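Asker: First the structure, then my questions, so here it is.
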Amino acid sequence: MVIIHKLPNRRYGMPGNASCPGCPESMGLRYLKMALGDKAVLVIPAGCSSVIQGIGPKSGINFPILNIAFAAAGAAASGMKAAFEVQGKDYIVVVWAGDGGTADIGFQALSGAAERNEDIIYICVDNEAYMNTGIQRSGLTPYGAWTTTTWTGKKEHKKNMPFILIAHDVPYVATASVGYPHDFIEKLRKAAKIKGFKYIHLHAPDPVGWRFDSSLTVKVAQLAVQTGMWPLFEYERGSFKLSPFSKKYKDPSKRVPVIEYLKIQGRFKHLLNKPEEIKKIEEYIERTWWWIDLLERSTNPAKTARELLNK
Amino acid sequence: MTILTLTGNYAVAYAVKLARVKVVSAYPITPQTTIVEKLAEMIERGEMDAKMIRVESEHSALATVYGAASAGARAFTATASHGLLYMHEMVWWVAGARMPLVMAVVSRAIGPPWNIHVDHQDIFDQRDSGWIISMAQENQEAFDLTLQAFRISEDPRVYLPMMVGLEAFILSHTVAPVDVPDQKEVDEWLPPRRQPYVISPETNFVMGNIVPDEDYMMMRLSIQKAMEAAKEVIKEVDRSYGKKFGREYGGLVECKKCEDADYIIIIAGSWSGEAKMAIEDLREEGYRVGVARIRFIRPWPEEEISELASKVKGIIVFDRAVSFGSKGPLFLDVATTVNGRTSLRGVIAGLGGTEVRKEHIIEVTKEFINKVEEEGRVFEPEYWLLPDPYRGKPLEEVAPRWW
């Protein structure tokens, strides 16, 4: 269990870092260091976090960092880990990549590293568009969202990266959110103890790209979970389970209506008076939970057996 | 020391093993594949103490060895042709990061249309990237250059990555006797890895974040200065290697019969062997020709070529690549160095493995010499040595095949 007053009280985001107001990535980086302490090395492909570090030779993020070309993070991290291993050092190599560096241009190297079951933690910091280049559509932009390359809203749904990683048969896959730091820190600590490939998909609402006030990052992140848009779960060594903060939203009647999530973000403004569009998003939520249900039942033999007995 | 009969690729693999490389990563591509196959075999047999990371692409292969090298391990990869082009972004990244590592490049033609034969286009495409780029003439030299590459790349005056170029099939898949030293001898000669920085929790070092434009420019200058310093390091390493293992090549350029030559052939790679045979025949006919074999494309041997340019009546350059819309890349470097001091002909030949025999070299060299002797100063930057049946025809009369 993560207890607030036991978390390290050190400053990990230093003055001079270049993040925007309300930036979810600098929040995430802070939690990352709180969780893993001084044994972690970061590999960061091109993206907002390349900039957040501030101007070299100094760095606004108190981490050893290997910055790397966009498509190369999974590979560079594999090499680093191998080098530490041959030198007998047990450092934790963590990839900190955006949605492009994970799901699109970075996907090949990620998939390769996952398939080889490299002993690294790969974190996708998902702000649902190419924010560093100025809010362009990505494979993880949700249906209907405005971006500077989808002026009338994206026409396709978000690619489900955590499920794709589950299909890689890696030891650990989890979703997390900057709105639930305890949950994220706990998952990081667990991941650090597991040998093999670990994937954590961190939902990271971005005030600039999503068009909401910079004071609302945590609120928007929590609404994504409460509406069922972003379920928090863990898949550990073949067993799927919902995380505490998401458990109750399995029941659709307990979920906050998705309109509450959409209407506080400017990127969905053009959808708000189009019920058929909102219905598509609701259907997406349903489908996501249908998959979750399926995974939960099929990967938990004990639970399935219990259900069968009860019937 | 043992004499083994090895292909060029196996010679490279043996050198990598003797260099005590700790991390190997590569993606198969013809004709490089047998280098990493051999290394995988050595590692799995327990003959070599290293980790092999079998990645899903060349871009990832170079990124992987870069990650390993950054974390302090001696690392190696190998590629060719399309693989080299696919990792081109990482090629620049590694040099910009000043990270010493070694890559073998088995130079091969680039598609389309598909062609797996020898051609220098792939390696010349990396010319501007900040890597030290060498070219072997034979299997023994491929072995020697690979061992030397670690010492050159890891020298604190240099700290740049290095490519060892060897040619598709002619070297990579052809067996020749190779003198392989013992591990003990190599250990005595090759110092443990040195590198400019290590990224780890112990150093808390950050590499690659944004810097002010002015700092960026000064970092670019430092690469240029390191290239300049590398010239001396290459010569030193060549001499010390010669002392230890008995083979010294002459530094950046290997000269054959340059001392009394009126004309010089400038050439790089395995077909230098044909050029060396050609000058024997030419000399019998009274043409005093020497061969300056370029061992290092980068750093460019400016001083050596400049010295030759002021002594001779003409230089003929053989390129196995084209900078389309301009001339052969080797010719461009030679012409810049020569600066109008002597007659020049740039021959483009042998593309995509097209056969170039000793007779071809004799023919085109003789023609050039006769022209210079008759007309005085000659400047022919682009002379295509075409395959049969086009050979000898003026370019205007040739309608080349475009598909």
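Read the figures in this text as sums done on the coordinates, not as results from a lab. Every value quoted in this text rests on a predicted model; they were computed, and no experiment measured them. Cβ coordinates were reconstructed from backbone atoms using ideal geometry, including for glycine residues, and neighbour counts include every protein chain displayed.
Asker: For peptide A:85-93, how many partner chain Cβ atoms fall within 10 Å of a residue's Cβ, on average?
Answerer: 4
Asker: How many percent of DSSP beta bridges within the protein assembly as shown run antiparallel, rounded to 5?
Answerer: 25 percent
Asker: Rounding to the nearest 20 debye, state how big the charge dipole of chain A is about its Cα centre with +1 on each Lys and Arg Cβ and -1 on each Asp and Glu Cβ.
Answerer: Around 620 debye, computed over chain A.
Asker: Taking the dipole about the Cα centre of the protein assembly as shown, with the C-beta of Lys and Arg at +1 and of Asp and Glu at -1, give me whichever of B:Phe76, A:Asn117, B:Leu332 is farthest to the positive side.
Answerer: Selected residue: A:Asn117.
Asker: Follow-up. Taking every DSSP beta bridge that has both residues in chain A, what percent is antiparallel when rounded to the nearest 5?
Answerer: Antiparallel: roughly 30 percent of the beta bridges in chain A.
Asker: Continuing with this model, one more query. Which of B:Val356, B:Val164, A:Val2 has the fewest other C-beta atoms within 10 Å, and how do the rest follow up to the most?
Answerer: Ranked by crowding around the Cβ, least crowded first: A:Val2, B:Val356, B:Val164.
Asker: What is the sum of charges around B:Leu147, taking Lys and Arg as +1, Asp and Glu as -1, for the other residues whose C-beta is under 13 Å from the C-beta of B:Leu147?
Answerer: Net of charged neighbours comes to -3.
Asker: Within region B:27-124, report the trypsin sites (Lys or Arg not before Pro) that DSSP leaves as loop and that have at most 15 other Cβ atoms within 10 Å. Present the calculation step by step, with values, prior to reporting the outcome.
Answerer: Values: sites: B:Lys38, B:Arg45, B:Lys51, B:Arg54, B:Arg74, B:Arg98, B:Arg108; in loops: B:Arg45, B:Arg74, B:Arg98, B:Arg108.
Within region B:27-124, the qualifying trypsin sites (Lys or Arg not before Pro) (loop, at most 15 other Cβ atoms within 10 Å) are B:Arg45.
Asker: Something else: Set Lys and Arg Cβ to +1 and Asp and Glu Cβ to -1, take the dipole of the protein assembly as shown about its Cα centre, and tell me which of A:Met161, A:Ile281, B:Tyr66 lies farthest positive.
Answerer: The residue sitting farthest along the positive end of the dipole is A:Ile281.
Asker: In debye, nearest 20: dipole of region B:253-397 around its Cα centre with unit charges on the Cβ of K, R (+) and D, E (-)?
Answerer: Roughly 300 debye, rounded to the nearest 20.
Asker: Further, regarding this structure: Under the classification rounded if a/c is under 1.5, otherwise prolate if a/b is larger than b/c and oblate if not, where does region B:2-245 fall, given a ≥ b ≥ c as square roots of the Cα gyration tensor eigenvalues?
Answerer: Judged from the Cα gyration tensor, region B:2-245 comes out rounded (a/c under 1.5).
Asker: Next question. Going by a ≥ b ≥ c, the root eigenvalues of the Cα gyration tensor, does region A:1-123 fall in the rounded group (a/c under 1.5), the prolate group (a/b larger than b/c) or the oblate group? If you can, show how the numbers build up before the last one.
Answerer: Values: a/c = 1.68, a/b = 1.25, b/c = 1.34.
It is oblate, given that a/c is not under 1.5 and a/b is not larger than b/c.
Asker: Peptide B:190-202: average number of partner chain Cβ atoms within 10 Å per residue? Let's see the in-between values first.
Answerer: Details: counts 0, 0, 0, 0, 0, 0, 0, 0, 3, 10, 11, 11, 4.
What the average comes to for B:190-202 is 3.
Asker: Evaluate the charge dipole of chain B about its Cα centre and quote only its size in Debye, nearest 20, assuming +1 on the Cβ of each Lys and Arg and -1 on the Cβ of each Asp and Glu.
Answerer: It works out to roughly 620 debye.
Asker: Tell me which of B:Val378, B:Thr354, B:Ile294 sits at the most positive position along the dipole axis of region B:253-397, charges placed on C-beta atoms (Lys, Arg +1; Asp, Glu -1).
Answerer: My answer, from the dipole projection, is B:Ile294.
Asker: Continuing with this model, one more query. How large is the helix-only mean residue ellipticity at 222 nm for the protein assembly as shown, computed as the sum of -39500 (n - 2.57) over DSSP H runs with n ≥ 4, divided by its residue count, in deg cm²/dmol to the nearest 500?
Answerer: Per the formula, -12000 deg cm²/dmol.
Asker: Please arrange B:Leu160, B:Leu332 by counting, for each residue, the other beta carbons lying within 10 Å of its beta carbon, fewest first.
Answerer: Fewest-to-most Cβ neighbours within 10 Å comes out as B:Leu332, B:Leu160.
Asker: Something else: Sort A:Lys39, B:Lys22 so the one with the fewest other Cβ atoms within 10 Å of its own Cβ comes first.
Answerer: Values: A:Lys39 12, B:Lys22 22.
The most exposed by this proxy come first: A:Lys39, B:Lys22.
Asker: Next question. Partner chain Cβ atoms within 10 Å, averaged over the residues of B:50-58 - can you pull that number for me?
Answerer: 5
Asker: Also, quick follow-up: Please work out whether region A:4-310 counts as rounded, prolate or oblate from its C-alpha gyration tensor, where a ≥ b ≥ c are the square roots of the eigenvalues and a/c under 1.5 means rounded, while otherwise a/b larger than b/c means prolate and anything else oblate? Write down the numbers at each step before the final one.
Answerer: Values: a/c = 1.63, a/b = 1.15, b/c = 1.42.
Note, shape of region A:4-310 comes out oblate.
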